[in-house]
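> For reference, the structure I am asking about is given below.
The values are calculated or read from the model by the stated rules, or taken from the named source; none is laboratory data. Predicted model, so just to flag it, every value in this text is computed and none were measured. Cβ: placed from backbone, ideal geometry, glycine included. Neighbour counts: every protein chain shown.
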Amino acid sequence: MELHQIRHFVAVVETGSFTKGAQRAAVSQPAISASIARLEAELDVKLLDRRSSPIVPTAAGMRLLEAGKNILCACNSVRAEIKTIAAPQHLKLGILQSISSWRVSRLLSSFRRANSGVAIEVFDGTCEQLLEFLDDQQLDAILTIFDDEALKYASRALFKEPYVLAVPKEHRFAHRQSVKLAELDDEPFIVRTRCDRYQEVTNLLIARGVKLRVVYQTDQDDRALALVASGIGISLFPAHFDVPAVKQVPVSDLALVRTIGLLWSPEREDGDLKEFITFAESHAWTP
């Protein structure tokens, strides 16, 4: 009994026809008929009931079908493992700096557990930097904000989120259903200089006549959240950040929403990248 005979037998049973089975196995019909005939002669048993249409397996054939599928599955698994050892797959991902490190960590650790044969290299940067790396083919895909520039790439949206006010849990805003921008006037404020909508928010506050009392500026989101939690000040954040000591409060007159997703070049869409795209789409991103 040889692997190609098992493969031929399974193809005929699953298609119910020697003709369709031969097409699936990419051999001629006489070749697949002869292959199964030799298998039946070797086992000295009829494996197929050729009188029925479609063709069905005999009782012995059903047993071989069950065992044959397991054998083929095991062989394919071993083949994939050996190919991975010989030539490991590398997936180069760009991650927007303003996406929560904890969320990114959960995604990548879950993906690696499910795809241990794929080696991942991660790069971070601003929207502009990541798009430049993608254009230069230095990255396979980037996890970033969708904007007008994203239209020229293959893409998959993953989640949308508003910008919210981050306050310490003991703050007077913490139990409010929402606040207005005007209420932030003269509040101690932590400015995220790496915020993707920094200039847009700044212009909006100026237009509303809101003057923030800036107590700290940083390009590190984790540092900003830690200082919010300590009571140093409040800050505006994308809603997917989740820190136990920080409460998120909607801002009713701040209509800013960002869409986060994956961008990649269509010509790079091979097996490991496809797997990552599908995995990221099913991942639980929001709290």
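> R63 is checked against (1) buried (at least 19 other Cβ atoms within 10 Å of the Cβ); (2) not assigned by TED's automatic domain parsing to the domain that holds F276 and fails just one. What number does that condition carry?
Result: R63 passes all but (1).
> Now, a different point. I'd like to know if the stretch 198-218 contains one or more residues that are in contact (Cβ under 8 Å) with a residue 24 or more places away in the chain, closer than 26 Å to L158 by Cα and either of a type in the set (G, A, S) or in contact with a Lys or Arg (Cβ under 7 Å, 6 or more places away or on another chain) (or both).
The answer is no, given that none of the residues of the stretch 198-218 is in contact (Cβ under 8 Å) with a residue 24 or more places away in the chain, closer than 26 Å to L158 by Cα and either of a type in the set (G, A, S) or in contact with a Lys or Arg (Cβ under 7 Å, 6 or more places away or on another chain) (or both).
> For H90, which of the numbered conditions (1) at pLDDT 90 or above; (2) in a strand (DSSP E or B); (3) exposed (fewer than 14 other Cβ atoms within 10 Å of the Cβ) fails to hold?
The single condition H90 does not satisfy is (1).
> Could you check the stretch 199-230 and list, in sequence order, the residues that are in contact with a strand residue (DSSP E or B) (Cβ under 8 Å, 6 or more places away or on another chain), over 16 Å from F241 (Cβ atoms) and among the hydroxyl-bearing types (S, T, Y)?
Hit for the stretch 199-230 is Y216, nothing else.
> Sticking with this structure for a sec: Is there a residue in the stretch 138-146 that is free of Cβ contacts under 8 Å to residues at least 40 places away in the same chain and of a type outside the set (G, A, S)?
No, the conditions are met nowhere in the stretch 138-146.
> Would you mind stating whether R223 is buried (at least 18 other Cβ atoms within 10 Å of the Cβ) and within 16 Å of S100 (Cα to Cα)?
The answer is no for R223.
> Can you name the residue in the stretch 178-205 that is of a type outside the set (G, A, S), assigned to a helix (DSSP H, G or I) and modelled with pLDDT of 90 or more and, of all such residues, is farthest from the chain's Cα centre (by Cα)?
E183
> Does R106 meet the test of being over 30 Å from I260 (Cβ atoms), out of contact with any strand residue (DSSP E or B) (no Cβ under 8 Å at 6 or more places or on another chain) and not assigned by TED's automatic domain parsing to the domain that holds R192?
no
> Quick one: how many residues across the stretch 59-83 are farther than 18 Å from V45 by Cβ, free of Cβ contacts under 8 Å to residues at least 12 places away in the same chain and small (G, A, S)?
2
> Additional query: Determine, yes or no, whether S53 is surrounded by fewer than 19 Cβ atoms within 10 Å (Cβ to Cβ) and either more than 30 Å from V13 (Cβ to Cβ) or not hydrophobic (A, V, I, L, M, F, W, C) (or both).
Yes.
> What pairs come up if the first residue lies in the stretch 97-109 and is under 17 Å from R194 (Cβ atoms), the second is among the basic types (K, R), and their beta carbons are under 8 Å apart, counting only those six or more places apart or on different chains?
Q97/R194; S98/R192; S98/R194
> Additional query: Could you name every one of the helices (runs of 4 or more DSSP H) located completely within the stretch 1-43 that has at least 1 residues being surrounded by 17 or more Cβ atoms within 10 Å (Cβ to Cβ) and touching a Pro at 6+ places or on another chain (Cβ under 7 Å)?
The qualifying helices (runs of 4 or more DSSP H) are 3-15.
> If you scan the stretch 199-220, which residues turn out to be touching a Gly at 6+ places or on another chain (Cβ under 9 Å) and either outside the structural domain of G233 (by TED's automatic domain parsing) or loosely packed, with under 13 Cβ neighbours inside 10 Å (or both)?
Within the stretch 199-220, R213, V214 qualify.
> Do we find a residue being surrounded by fewer than 17 Cβ atoms within 10 Å (Cβ to Cβ), closer than 22 Å to A284 by Cα, in contact (Cβ under 8 Å) with a residue 60 or more places away in the chain and under 15 Å from the mean Cα position of the chain (by Cα) anywhere in the stretch 160-177?
yes
> Here's another thing I want to ask about it. Is it the case that some residue within the stretch 125-135 is touching a residue at least 60 places away in the same chain (Cβ under 8 Å), surrounded by 14 or more Cβ atoms within 10 Å (Cβ to Cβ) and either among the β-branched types (V, I, T) or not in a helix (DSSP H, G or I) (or both)?
Yes, some residue in the stretch 125-135 is touching a residue at least 60 places away in the same chain (Cβ under 8 Å), surrounded by 14 or more Cβ atoms within 10 Å (Cβ to Cβ) and either among the β-branched types (V, I, T) or not in a helix (DSSP H, G or I) (or both).
> What do you reckon, is L225 without any contact (Cβ under 8 Å) to a residue 60 or more places away in the chain and in contact with a helix residue (DSSP H, G or I) (Cβ under 8 Å, 6 or more places away or on another chain)?
no
> Looking only at the stretch 251-272, which residues are surrounded by fewer than 16 Cβ atoms within 10 Å (Cβ to Cβ) and of a type in the set (G, A, S)?
Across the stretch 251-272, the qualifying residues are S252, A255, G271.
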